[in-house]
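Worksheet: one structure, shown below.
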């Protein structure tokens, strides 16, 4: 009997911490991190940028709509393509 790699669909589970660990375990080698868009306890929408090891490197503010959270991430993505780095701040 062969076991196949878990898919994203098979990782949908009640225990999100366990699911996140499994998801991180199957990331392709070239992936250095990922973004998770989620609904917070207050019903708002947020995104988190996580490093490959699962550490949150950029938490986001709350947005009313899921689409606004996605747009917020797209804005961040554009800014990070060619950022000005202020080392004196």
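The values are calculated or read from the model by the stated rules, or taken from the named source; none is laboratory data. Since we're looking at a predicted model, the values are computed, not measured. Cβ: placed from backbone, ideal geometry, glycine included. Neighbour counts: every protein chain shown.
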Residue within region 21-40 that is part of a loop (DSSP other than H, G, I, E, B) and modelled with pLDDT of 80 or more present: yes
Filter result (over 24 Å from residue 42 (Cβ atoms) and part of a helix (DSSP H, G or I)) within region 52-89: 77, 78, 79, 80, 81
Tally, over region 39-89, of residues that are under 22 Å from residue 29 (Cβ atoms) and out of contact with any strand residue (DSSP E or B) (no Cβ under 7 Å at 6 or more places or on another chain): 5
